[in-house]
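Q: First the structure, then my questions, so here it is.
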Amino acid sequence: MRNAECALCGLRDGESGRVMALNGCGGLRQRLLDLGFVEGVRVERLFSAPSGDPAAYLIRDAVIALRASDAAGITVMRYAFYQENH
């Protein structure tokens, strides 16, 4: 089994997880919080651009595109593992 926790950019298309932490500080962190990336929220990776970056994520009924470098600062727990342990 893959690690339960990973960076958001580590999810594959169609996988989902729960936000566990936002790493970093400053303007990007505040913007991610404003977009709804808060602890416990479900997020699903929908698809990525043909080049692989950026990727589209579904969070709170909104689709948000994030670069891999920005998504790397968001720690998630894969949804299947989260369901088994909560």
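Q: May I ask you to say which residue of G36, G24 is assigned to a loop (DSSP other than H, G, I, E, B) and under 12 Å from G73 (Cβ atoms)?
A: Details: G36 fails: under 12 Å from G73 (Cβ atoms).
Exactly one of G36, G24 is assigned to a loop (DSSP other than H, G, I, E, B) and under 12 Å from G73 (Cβ atoms), namely G24.
Q: OK, next. Do any residues in region 70-86 that are over 14 Å from V41 (Cβ atoms) and among the charged types (D, E, K, R) have Cβ atoms under 8 Å from those of residues that are open to solvent by less than 50 Å² (accessible area, probe 1.4 Å) and at pLDDT 85 or above, where the two are at least six apart or on different chains, and which pairs are they?
A: Close Cβ pairs satisfying both conditions: D70/L32; R78/A4; R78/C6; R78/L11; R78/E15; R78/S16; R78/G17.
Q: Shifting gears a bit: If we scan region 54-65, do we find a residue that is open to solvent by less than 40 Å² (accessible area, probe 1.4 Å), touching a Lys or Arg at 6+ places or on another chain (Cβ under 7 Å), in a strand (DSSP E or B) and not hydrophobic (A, V, I, L, M, F, W, C)?
A: Within region 54-65, one or more residues are open to solvent by less than 40 Å² (accessible area, probe 1.4 Å), touching a Lys or Arg at 6+ places or on another chain (Cβ under 7 Å), in a strand (DSSP E or B) and not hydrophobic (A, V, I, L, M, F, W, C).
Let's see how each residue does on (1) open to solvent by 30 Å² or more (accessible area, probe 1.4 Å); (2) closer than 15 Å to I59 by Cβ; (3) at pLDDT below 95:
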| position | (1), (2), (3) |
| --- | --- |
| C6 | no, no, yes |
| G10 | yes, no, yes |
| E15 | yes, yes, yes |
| C25 | yes, no, yes |
| R31 | yes, yes, yes |
| L35 | yes, yes, yes |
| V38 | yes, yes, yes |
| S48 | yes, no, yes |
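The values are calculated or read from the model by the stated rules, or taken from the named source; none is laboratory data. Fair warning: this is a prediction, and the values are worked out from it, not measured in the lab. Note that we place each Cβ from the backbone using ideal geometry, even for glycine, and neighbour counts take in every protein chain shown. Note: accessible area is taken over every heavy atom of the protein model, side chains too, but ligands, DNA and RNA are not part of it. Shrake-Rupley method; radii C 1.70, N 1.55, O 1.52, S 1.80 Å.
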